[in-house]
Amino acid sequence: MTIGGAVAVVYSHNLMHACLYLLASLFGVAGLYAVIGADFLAATQLVVYAGGVVILMLFAIMLTGGTGNRINRYGLEKIASMGNKKTYFFAGFAAIITSLILLKIIASVLRAQPTNKVLAANDVTVNKLGVLLATDHILAFEISSVLLLGALIGAAVISRPRKERHD
Amino acid sequence: MIARKNIIAMLLGIELILNASALNFAAYTKFVNNNLDGHILSLFIIVIAAAEASVGLGIVIRFFQLRESIHIDDAATLQN
């Protein structure tokens, strides 16, 4: 469901359909979180993505008029996809090099032995996550709060109706 | 092909990529080490994705008001 939704997102040509497929994919990822024992992450995923991000995307798509027109202001038809034979050649070349580098990086991870003691399946992680956030990762927590404040102010400033300049 | 020149489609792709990395961190916590640092990182990735989505969609809506388009080729100049 997750992978199918993700593939459908990138292949569907209608933006609304892509957004709904994204919602399905996000639900699938939330289910995967629940399966691997991250209950708080599953709940956060559902609340933040399904409740916030997808609704925001739908609003943006509707405000910008769905798929939009395909003719730009010069009267030329916009191509939906890009690239020709040369760009695809270079993309494949870059993909090969990147995969080699990634193989080198994850070789140590592949050799690592999985730990024997696994987190208990029904262990509630919320308490430990809260303690960790307030002690070990307090700096990142504060930085993310400042980031969210900045994003709020930035989004408000960007989408504010612009005043007429009196030059 | 899957290459798009629609700004909102690109934002959807960015959401998918961030989600994949967050899931990767959670799986790392489950299968390799079992302290909860991977969960913390996934949480921060979700926070950053939400912030990025809000600012990006604000930019997209503003851009649509200016140019009546959400095609990336129309975003070639910094100023009118």
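The values are calculated or read from the model by the stated rules, or taken from the named source; none is laboratory data. Everything quoted here is computed from the prediction, not taken from an experiment. Keep in mind that these areas ignore ligands, DNA and RNA; they rest on the heavy atoms of the full protein, side chains included. Shrake-Rupley method; radii C 1.70, N 1.55, O 1.52, S 1.80 Å.
For this structure, a couple of remarks:
- In sequence order, calculated HN-Hα J values of the range A:25-36 (Karplus, 6.51, -1.76, 1.60; Hz; x Gly/Pro): 5, 5, 4, x, 5, 4, x, 5, 4, 5, 5, 8
- Across the range B:7-69, C-alpha contacts under 8 Å between residues 6 or more apart give a mean separation that, scaled by the residue count, equals a relative contact order of 36 percent.
- For the chain pair B and A, the interface hides roughly 5400 square angstrom of accessible area in total, found with a 1.4 Å probe.
- Within the assembled protein chains, the solvent-accessible surface assigned to residue B:25 is about 80 Å², based on a 1.4 Å probe.
- Using a probe of 1.4 angstrom and keeping all protein chains present, the accessible surface of the range B:7-69 works out to 38 square angstrom per residue.
- Over chain B: Kirkwood hydrodynamic radius from C-alpha pairwise inverse distances, Å: 14.5 Å
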